[in-house]
Amino acid sequence: MQIVPVILCGGSGSRLWPESREKIPKQFLSLMGEGSLLQDTLSRTLRTCDAAPGDVMAVTLSMLGDGVRAHLRKTHAASGSHMLNEPSARNTAAAVAYTALYAAASFGPEAVLWVLPSDHYIGNEGALARACQNAVRAAREDGRLVTFGIRPTRPETGYGYIKAATGASGDALAVERFVEKPGLETAREYLADGRYLWNSGMFVFSVSNVLDEFKTHAPDILAGVEASIAAGSPHAPDPDLYAQIPAVPFDKAIMEKSAKVSVVPCDPQWSDIGSWESLWDIQSAAHDENGNLADGDVVMHNTKNCLIRARGGKRLIACAGVENLAVIETEDAILIADRREGDSLRALVSAMKSQGRKEVRDA
């Protein structure tokens with residue numbers, strides 16, 4: 001069976017503002033090196049699974065399509081041919097249904113899809129490769145729809161959880177239930193229990209099996225995608241019909257309902273880089289003796305546990321007598337926020353969007 005990576009390239013550009021914008025979501029950012037997160041994802045994926053660069057699929061909004069293709073082809077010239085352009089964002093169930101229908105026609109119903117986000121961080125590729133091998137085996141041999149569960153290292157309230165079934169054993173475990181983001185006390189209980197895993201948003205399944213599950217559990221979504229493709233094209237569905245598709249996460253539409261779901265536990269040093277706090281945490285090895293992470297023209301005195309990025313290239317950032325701040329400078333905006341308050345940043349960006357501020361939309 002052929003393995004076909006599917007890179008989901010969505011994003012609203014709010015969680016890492018002001019560097020990310022609606023037209024420049026975080027997958028296009030170079031946060032930890034030369035390449036963008038999308039380019040890192042493509043390179044890592046090709047290193048960890050037996051897939052050809054020309055077979056990689058990417059699903060994105062039509063307004064981001066040219067940027068996604070350019071990033072992919074800069075990484076590998078053979079990639080970027082299988083671009084699926086959603087006319088509007090309808091959440092991940094529609095994106096996966098679209099992917100599966102396209103893959104059935106392009107690669108055949110027995111192809112195995114590895115669906116993964118474009119903007120996550122993986123620190124241990126070996127662990128990811130082993131998890132992928134286990135997931136592909138379960139999808140091929142047992143007909144399972146497999147998700148990747150990250151072994152939690154702290155009582156995290158920002159992630160959804162997957163509970164493995166009691167007594168489950170092997171490389172791919174039966175799933176008892178999916179759990180929404182918990183409160184702190186509940187998250188502590190999950191960590192102590194040992195059967196709860198963070199939901200990574202990565203999936204492996206065969207084309208035929210996932211289409212069968214859509215027919216059973218979400219036929220309206222599948223039919224809507226089929227109709228929009230028929231009225232438009234495989235690479236650009238009809239906008240009006242696509243906009244009518246229910247906007248539902250793939251987890252809720254399929255994974256929480258299917259009897260064929262398994263989870264592969266793994267510890268690939270994963271992060272969804274969902275906040276400036278998470279970027280500060282990932283790069284702990286680069287902290288100075290006071291816990292600061294600085295990039296650019298930065299001077300500090302009596303400053304602790306701050307993330308300071310002078311990326312606009314025009315100003316010195318000087319900090320004195322402060323702690324736990326994120327100070328992010330771009331050419332047209334400066335953010336000063338509590339590094340730990342991701343929810344406050346999202347609320348701020350939402351308020352600026354309602355005001356029509358161009359700084360949340362354009363570079």
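None of the figures in this text is laboratory data; all of them are computed from the coordinates on show. Quantities reported herein were computed from a predicted structural model and do not represent experimental measurements. Here the Cβ is made from the backbone with ideal geometry for all residues, glycine too, and neighbour counts use every protein chain on show.
Descriptive notes on the structure:
- Classified by the C-alpha gyration tensor, region 109-170 has an oblate form. Its axis ratio a/c, with a ≥ b ≥ c, is 1.5 or above, and a/b does not exceed b/c.
- Comparing mean-square fluctuations of Val112, Val248, Val207 from a GNM of the chain with C-alpha springs under 10 Å, the top value falls on Val248.
- Residues Glu329, Glu359, sorted so that the one with the fewest Cβ neighbours within 10 Å comes first: Glu359, Glu329
- Sites listed here are trypsin sites (Lys or Arg not before Pro) in region 232-338 whose DSSP assignment is loop and whose Cβ has at most 11 other Cβ atoms within 10 Å: Lys314.
- Inverse of mean 1/r across different Cα pairs in region 208-286, Kirkwood, Å: 15.7
- Selected from Leu348, Leu37, Leu61 as most flexible by GNM, with the chain as the system and alpha-carbon contacts under 10 Å: Leu348
- Here region 244-311 and region 84-118 have alpha carbon centers that stand 25 Å from each other.
- Using a Förster distance of 41 Å, the FRET efficiency for Glu125-Ala223 (Cβ separation, nearest 0.05): 0.60
- Sorted ascending by nearby beta carbons within 10 Å, beginning with the fewest, His71, His120, His235 become His235, His120, His71.
- Relative to its residue count, region 276-360 spans a Cα convex hull of 86 Å³ per residue.
- Maximal additional length on extending the Glu180-Ala230 stretch stands at 14.5 nm, based on 0.36 nm per residue less the C-alpha distance.
- Compactness relative to 2.2 N^0.38 Å, alpha carbon Rg of the chain: 1.00
- Structural descriptor for the chain: relative contact order 20 percent, calculated from alpha carbon pairs under 8 angstrom and at least 6 residues apart.
- Against the main long axis of the alpha-carbon atoms of the chain, helix 65-75 sits at an angle near 80°.
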